[in-house]
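Q: First the structure, which I've put down as structure tokens, then a few questions once you've had a look.
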Amino acid sequence: MQIALSQHHAAPDRAAARAAARIDEDSRRTALAAARAALEKKAEEVVVLDLRGVSGYTDFLVIGSGTSDRQLEAITDGVEKELTAHGHRVIGSEGQRGGRWVLLDFGDVVVHVFNAEERAHYDLEGLWVDAPRIEVE
């Protein structure tokens, strides 16, 4: 999945979609809103990673876990509703229905919701170990 996102980043239409999705210049605030929305749906181990200056494809990653396919759907639906209510657009998504890993791409913020086994397998926190973590209040 990580490789696929990097490949899509190079496409001019993808770059235009990302630019259009950046309605709110404060991507940190957007990432924290996504994290809080995930927590409201009982997401576990929610982490916000600041990738500004580290990654070219997004500013922040929000990562959380759910315990069932139904909960993964509830978490991602909650995040999507919260951010779209504040003017953000989903410009890409993967694994929506019945997936064990759901990705929502808002341009400056990418949200990953995993089941525990998939999260451990892909270890995005380990991949971005040098990225600062933002405390979710």
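The values are calculated or read from the model by the stated rules, or taken from the named source; none is laboratory data. Computed from a prediction, not measured in an experiment: that's the story for all the values here. So basically every Cβ, Gly included, is an ideal-geometry build from the backbone, and we count neighbours across all protein chains shown. For the accessible areas, the whole protein counts, side chains as well, though only heavy atoms, and no ligand, DNA or RNA atoms are used. Shrake-Rupley method; radii C 1.70, N 1.55, O 1.52, S 1.80 Å.
Q: On the given criteria, is Y57 modelled with pLDDT under 95, farther than 18 Å from R28 by Cα and of a type in the set (F, W, Y)? Explain how you work it out, then say what you get.
A: Working: modelled with pLDDT under 95: yes; farther than 18 Å from R28 by Cα: no; of a type in the set (F, W, Y): yes.
In short, no.
Q: Within the stretch 56-89, how many residues turn out to be free of Cβ contacts under 8 Å to residues at least 12 places away in the same chain and farther than 19 Å from F114 by Cα?
A: 2
Q: Within the stretch 53-137, which strands (runs of 3 or more DSSP E) (wholly inside it) include 3 or more residues that are buried (at least 22 other Cβ atoms within 10 Å of the Cβ)?
A: Working: elements: 60-66, 92-94, 101-105, 109-115.
Result: 60-66, 101-105, 109-115.
Q: Just checking, how many residues over the stretch 31-54 are of a type in the set (V, I, T) and at pLDDT below 95?
A: We begin by selecting, within the stretch 31-54, every residue of a type in the set (V, I, T); these are 46-48, 54.
Still in the list and also at pLDDT below 95: 54.
Here the count works out to 1.
Q: Restricting to the stretch 39-52, give me the number of residues that are touching a Phe, Trp or Tyr at 6+ places or on another chain (Cβ under 9 Å) and open to solvent by 10 Å² or more (accessible area, probe 1.4 Å).
A: Keep residues of the stretch 39-52 that are touching a Phe, Trp or Tyr at 6+ places or on another chain (Cβ under 9 Å), which gives 48-52.
Subsequent filtering for residues that are open to solvent by 10 Å² or more (accessible area, probe 1.4 Å) retains 50, 52.
Residues meeting the conditions: 2.
Q: Please go through (1) open to solvent by 10 Å² or more (accessible area, probe 1.4 Å); (2) closer than 18 Å to A131 by Cβ; (3) part of a helix (DSSP H, G or I) for R36 and return the number of the only condition it doesn't satisfy.
A: Failing condition for R36: (2).
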